[in-house]
Amino acid sequence: MHRLPFTFVLCLIGARLCAQEPVVNTSHGHSTSLDGAWNFIIDPYENGYYDYRRQPLPDGFFKNEKPRTKSDRVEYDFDTSPTLSVPGDWNSQLKELFLYEGTIWYKKSFDYPVKNGTRLFLRFGAVNYSAVVWLNGEKLGEHTGGFTPFSFEITRQVKERGNFVVVKADNKRCLECVPTLITDWWNYGGLTRSVAIIETPGTFLEDYAVHLKKAGEISGWVKLNGPRLQERVSVEIPEVNARISVQTDDSGSARFAFRAEVSPWSPDHPRLYRVRISAGGDTVSEKIGFRTIETEGTKILLNGRPVFLKGICIHEEAPFRSGRANSREDALTLLGWAKELGCNFVRLAHYPHNEQMTLMADSLGLMVWSEIPVYWTIQWENPSTYANALNQLREMIARDRNRASVVLWSMANETPLGDARLQFLKGLLREARHSDSTRLLTAAMERRYLDRTTEMIDDPLGEFVDVLGCNEYIGWYDGTPEKADSVQWKVAFNKPLIMSELGGEAPYGNHGDSLTIWTEEFQERVYRHQIPMLSRIPSLSGMSPWILMDFRSPRRQLPGIQDFHNRKGLISDRGQKKKAFYVLQEFYKSFNKDH
Ligand code: GCU
């Protein structure tokens, strides 16, 4: 019997399981926010979904039922239940939900001025980890993956008055999930990002890409959705008086290329242009930056010139308050600190951050490494795990394909070597190249000892990425900080290397001599020995130390020091800068070798 190659089977399954509705872009003219107070019901035994024999209920909480007579027995009531704020994780809103992992039901009622000829989509910025969504008691669909947007068409179901959305959000971890059971970050659950109703014409611009093909030439494509797929589409950049008109084919697709004298986007000149695309009755308008990113040997070229990525890692942890960051203000604070540190680059670990972050990176001028949570010991041979990772990758790319700041798509972080893992990640790399040929592909890999003073980067995955990412902790998990003074690095691939993690922990304000662990002085010592070692690596084209700000983690239990926080931040979660911040800042500010 002819056996289909493993990845081919995975891709087939991936394609079948991932047939999702279009994720409607928020740049359409008309959107109505459903953010605010949603009633919620905590349901650890999923009593609103299953009967006592664990059989799905035909009339679960999603029906939002009310007693019809005084004798009726209905054992839940959203309208007299408390509320949670959306967007927002539930862990940081109620003490009793701090460690909660399970199902919580959300309900939001709304009226809507229904218009003939328009289409309506219910769009979620993200729900961690999985969601089942109903409108007016009718199931719309399900979504798995806690960090990417999804939407359902609700044109047929919406009424003028008395609509109600019910969401079953469940953040239980699982072996076959993406990420899997163990992570070094807090499992913040719930409707962590904004919810909105997007209104479009009958035929609308489902997806589009506009980028700089080379100096003076813009190229891209559009995809229509609706009954009238063969339309004239106009793409224009008014500020440079550039425009083109193309005809979509019978599938609603068209490619285009036209001349436009735009000045390239870069961290020093984050120039954005208003781009307007019109097709039939639909118009989308957003600010887009134009740049090229490529590699040449061990160099990364931005707009054709070598650039060194002076970066820092960031988790989506809200500054000054605990919980998931989700606002424009959070993004401005976090990325403002990165700019103050002297960065031109941020690694948004370990999952796609909210869209305020990539929009803000476009505006402030920071290159971005964006990553799907294929983290540590994923179930490499499980087809549904692969389908899930593939879907999250597609959704990450679809959401940010027009963000100039995003220069790297990362497939994974610190995944253990093995053939199944390699096949799994090669499949994701193939999909990423197919979905977006305009960005570089990478992954954060691990290194290995060649001997006592030689570190080797020769992960077989290195052959298939464009840029090598490598995490190392010399001075923290690996020997003393002074070990870095004598370490040489060998790299088995003639490709750019980004040292994608390094660092050490210290709570802000914990001082002592530099030999005492957990002091700011010890953390500073790690950086003082790391930086000269990194400077000796010829193929190093970037670095993103771990991490900008302290973040919550269930794996960090040392009382008085960690208290469920990973303290490797250069800044505390209250915005206090530690001594190591200034060591790295001094290095980046004095750094003028773009290669
Ligand atoms: C790993 C991992 C991070 C983790 C860090 C640490 O490299 O990628 O997610 O937080 O080490 O141990 O602090």
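Read-outs: derived from the displayed coordinates by stated rules, not from any lab. Keep in mind the model is a prediction, meaning the values are calculated, not measured. Glycine also receives a Cβ, built like all others from the backbone with ideal geometry; neighbour counts cover every protein chain displayed.
Computed from Cα positions, the angle between helix 579-590 and the longest principal axis of the chain comes to roughly 80 degrees.
3J(HN,Hα) couplings calculated from phi for segment 378-394 with the Karplus curve 6.51 cos²θ - 1.76 cosθ + 1.60 (θ = phi - 60°) are, in sequence order, 5, 7, 5, 9, 9, x, 6, 5, 5, 4, 5, 4, 4, 5, 5, 4, 4 Hz; Gly and Pro show x.
Close amide H partners of residue 573, meaning residues 5 or more places away or on another chain with modelled amide H under 5 Å apart, are 550. Over every Cα atom in segment 204-291, the radius of gyration and the widest Cα-Cα span, Dmax, amount to 13.0, 44 Å.
Summarising the amide proton neighbourhood of residue 207: residues at separation of 5 or more, or on other chains, whose placed amide H is nearer than 5 Å comprise 223.
Within segment 417-479, the trypsin sites (Lys or Arg not before Pro) that combine a DSSP coil assignment with at most 16 other C-beta atoms in a 10 angstrom radius are 452.
Inverting the pair-averaged 1/r between distinct Cα atoms of segment 468-595 gives 15.1 Å as its Kirkwood hydrodynamic radius. Derived from the Cα gyration tensor, the three semi-axes of the equivalent ellipsoid of the chain are 39, 31, 23 Å, largest first.
Segment 481-511 to segment 402-466: how many Å between their Cα centroids? With segment 481-511 and segment 402-466 each reduced to a Cα centre, they are spaced 18 Å. Using only alpha carbons, segment 6-201 has a radius of gyration to Kirkwood radius ratio (Rg to Rh) of 0.97.
On a 0 to 90 degree scale, rounded to 10, what angle separates helix 419-435 from the longest Cα axis of the chain? The angle comes out at about 70 degrees.
The label point for residue 257 and the one for residue 155, both projected 7 Å from the Cα toward the Cβ, are 3.5 nm apart.
For segment 426-510, a/c is not less than 1.5, where a ≥ b ≥ c are the root eigenvalues of the C-alpha gyration tensor, and a/b does not top b/c. That puts it in the oblate class. Shape verdict for segment 191-244, please, from the Cα gyration tensor: rounded (a/c under 1.5), prolate (a/b greater than b/c) or oblate. Judged from the Cα gyration tensor, segment 191-244 comes out oblate (a/c at least 1.5, b/c at or above a/b).
Taking the number of Cβ atoms within 10 Å of each Cβ as an exposure proxy, the fewest-first ranking of 94, 335 is 94, 335. The orientation-averaged shadow of the Cα convex hull for segment 318-594, equal to a quarter of the hull surface, comes to 14.1 nm². The shape of segment 345-471 comes out oblate: with a ≥ b ≥ c from the C-alpha gyration tensor, a/c is at least 1.5 while a/b does not beat b/c. Among the chymotrypsin sites (Phe, Trp or Tyr not before Pro) in segment 421-482, those located in a DSSP loop and surrounded by at most 11 other Cβ atoms within 10 Å of their own Cβ are 477. With K and R counted +1 and D and E -1, the other residues having a Cβ less than 11 Å from that of residue 521 yield a net charge of +1.
Round to the nearest 10 and give me the degree value, 0 to 90, for the angle of helix 520-535's Cα axis relative to the longest principal axis of the chain. Long axis of 520-535 versus the principal axis of the chain: about 80 degrees.
Restricting segment 313-395 to chymotrypsin sites (Phe, Trp or Tyr not before Pro) that sit in a DSSP loop and have at most 14 other Cβ atoms within 10 Å of their own Cβ leaves 320. Cross-link reach is defined here as a Cα-Cα straight distance under 25 Å, omitting same-chain residues fewer than 8 places apart; for residue 579 the lysines meeting it are 310, 339, 483, 568, 589, 593. Ordering of 310-318, 138-146 by packing is 310-318, 138-146, highest average first (other Cβ atoms within 10 Å, averaged per residue). Under 5 Å between amide hydrogens, built in the peptide plane, is the criterion, and for residue 295 it picks out 301 among residues at least 5 positions away or on other chains. Rounded to the nearest 5, the antiparallel percentage of DSSP beta bridges internal to the chain is 70%.
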